[in-house]
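Structure first, commentary second.
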Amino acid sequence: MAAKQSHTAEEIQALLVSILAEALKIAPDAINVQEPLDNYGLNSAQAMLLVTQAQKMLGFEVPPMLLWHYPNIEALSQRLAEKSQDLELQVEDTGVAPRTNLPAFKTTTPDLSAEAVLDPNIRPASTFKFTSTLDNVFLTGGTGFLGAFLIHELLQTTHADIYCLVRAANSEEGKRKLKQNLQQYSVWEEEFSSRIIAIPGDLSQPLLGISTEGFEMLAANLDAVYHSAAMLNYVYPYSALKTSNVLGTQEVIRLASAIKVKPLHYVSSVAVFESPAYAGKVVKEQDDFDHWEGIYLGYSQTKWVAEKLVKIAGDRGLPITIHRPPLIAGHSQTGISNTHDFTNLMIKGCLEMGYFPDVDYMLDMSPVDYVSKAIVYLSRQKESIGKAFHLQHPEPVSLKILVDWMRSFGFPIQLVSYDEWQAMLKNVTSQDNPLYTLRPFLLERWSQEELTIPDLYLQTKRPIISCQETLKALAGSSIVCPPIDSKLFMIYSAYLISTGFLNVA
Ligand SMILES: NC(=O)c1ccc[n+]([C@@H]2O[C@H](COP(=O)([O-])OP(=O)(O)OC[C@H]3O[C@@H](n4cnc5c(N)ncnc54)[C@H](OP(=O)(O)O)[C@@H]3O)[C@@H](O)[C@H]2O)c1
């Protein structure tokens, strides 16, 4: 008979309360076990501490994702106690101690097709007449990476005033945030300032958090709606992202459909094809994306559901265009990029480790100037209405080529087998290395085959995204996707080094 290993929910709860109290430097009785963990404002290091201490006590792996899946300490403790008891039974049945790194918790994927329901009251309120003249445009996501370049492109190529939804207490603060963001990406031009109007609001609120009168005023006067905002969080589950990404999209559709019907240009993602059903298959722009089973990331799940809502709106008569970027990389001329994005953090982390995994990955990325120019151009063509576009790079390159270039620029890095790299990742203990915070996400095992996220994105598991129809639609413009070559990487590296993000010493 094996030694007792299981712990009761009460024991686990007491432990979690004491760790949390210590981390937050408050008395244990100030912790309410039914309070959502989110409300305690844990940073990544505190969350890691909670997880590591719980693991020590329980003797099995506790994926940090659980902190988001289980809303409070009480529910989390119950789940951990169930697991702990399961493991004890396993020992009793087999006499064999369970693996301590169990991929123990399968997160359940919600039935995404059941989620894809658009409010039946949303219908185009009038007939739509295409016009290429834009006087008033609404844009979400203007404080984000792509949003900054969309605003810039709209300012350059139209005469429209741009009404930007911003999370801010008032329009002055909203304008400040927009200005700061455009400045950060070097696309702020004072002469255009008066054409950028901040609309305080929030995607996660009914009517986007705008007053009914304000919403109606916008609905009656806008000529087009660009929806680029979303919460890009690769750790949160669907439930945590739904209000912003799915219900927010529904509110944007409501705005586009109300009073004066205006075209909705929706920024989706190639992630809508992440179901294993598309693995190895060529997917074209106008193909259906009905498969959702096996999409693992909550973020990708929300993008699938949100695009379905946009499609339903299109079927009800709303003029829509759908733009699916791959990873959005830095500007091809200035190298300016979003240093918080996943690719930059991975590259920085691997450089600090000195090792890249030798895996079959294609760098599916397009420079932000290409993505923003293409979206604005395509959105203004009558023939685009009702269509989807793939802003995929027409000639992606492999990760190995990137590593070769980096070596030739003098970065001391080596390729090691994927297993070796994963083992090294477990030893990353410096909190300054971005891989430290990404580690649980990269090492967690998902899916029935218990694959990690990097496994899931291996080339053989991905679809082949065709962009032929998009290239044809862009043929009449001067917009060309810059090649991914050593020159582009030189530009990107120079920017990342000049900002101190990458250290070459
Ligand atoms: N980046 C990529 O590689 C990539 C790839 C494929 C598709 N996409 C899609 O492209 C779009 C833009 O991505 P990005 O890289 O520009 O993202 P980003 O830099 O993270 O910006 C996200 C924007 O969404 C806003 N937002 C988030 N939640 C909101 C809410 N509840 N209410 C109002 N605004 C909210 C943010 O506002 P705050 O400033 O207030 O946070 C920010 O302006 C997204 O739809 C994304 O899904 C991106």
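Distance between the pseudo-spin-label points of Lys400 and Glu189 (7 Å out from Cα toward the beta carbon): 4.4 nm. In terms of modelled amide H atoms, which long-range or inter-chain residues lie less than 5 Å from the amide H of Leu139? Result for Leu139 returns Tyr163, Cys164, Leu165, Tyr226. Of Ser126, Ser84, Ser239, the sequence from fewest to most neighbouring Cβ atoms within 10 angstrom is Ser126, Ser239, Ser84. Here the spin labels are modelled as points 7 Å beyond Cα on the Cα-Cβ line, and at Gln180 and Lys25 they lie 2.5 nm apart.
Can you list which of the GluC sites (Glu not before Pro) found in the stretch 422-505 are DSSP loop residues with at most 14 other C-beta atoms within 10 Å?
Values: sites: Glu444, Glu449, Glu450, Glu469; in loops: Glu444, Glu449, Glu450.
Sparse-neighbourhood loop GluC sites (Glu not before Pro): Glu449, Glu450.
With the convex hull drawn around the C-alpha atoms of the stretch 369-505, the volume per residue stands at 166 Å³. For the stretch 326-335, putting each phi into the Karplus relation 6.51 cos²θ - 1.76 cosθ + 1.60 with θ = phi - 60° gives couplings of x, 4, 9, 9, x, 5, 6, 9, 9, x Hz, in residue order, rounded to whole numbers and with x for Gly and Pro. Highest-first packing order for the peptide set 128-138, 311-321 is 311-321, 128-138, based on the mean count of other beta carbon atoms within 10 Å.
If you put +1 on each Lys and Arg Cβ and -1 on each Asp and Glu Cβ, how big is the dipole of the chain around its Cα centre, in Debye rounded to 20? List each step's numbers first, then the result.
On the way: 40 positive and 55 negative charges, 235 e Å.
I would put it at about 1120 debye.
Residues whose amide H comes within less than 5 Å of that of Arg462, counting only those at least five positions distant or on another chain, are Gly280 (H built at 1.01 Å from N in the peptide plane).
Extension gain, Lys426 to Phe128, is 101.6 nm, computed as 0.36 nm per intervening residue step minus the present C-alpha separation. State log₁₀ I(q)/I(0) for the chain at q = 0.11 Å⁻¹ as given by the Debye formula over alpha-carbon point scatterers of equal weight, solvent excluded. Computed log10 I(q)/I(0) values: -1.03.
Determine the calculated [θ] at 222 nm for the chain from helices alone, applying -39500 (n - 2.57) to every DSSP H run no shorter than 4 residues and normalising by the residue count; nearest 500 deg cm²/dmol.
On the way: 19 runs with 208 residues, N = 505.
For the chain, the value works out to -12500 deg cm²/dmol.
FRET efficiency for the Glu11 to Ser113 pair, using the beta carbon distance and R₀ = 35 Å, is estimated at 0.30.
Note on the stretch 106-163 and the stretch 307-382: Cα centroid distance 16 Å, given to the nearest whole angstrom.
Since every read-out is calculated from the coordinates, none of them should be taken as a lab result. Everything numeric in this text was worked out from a predicted model, so none of it was measured. For neighbour counting, all protein chains shown are included, and Cβ atoms are generated from backbone atoms with ideal geometry for every residue, glycine included.
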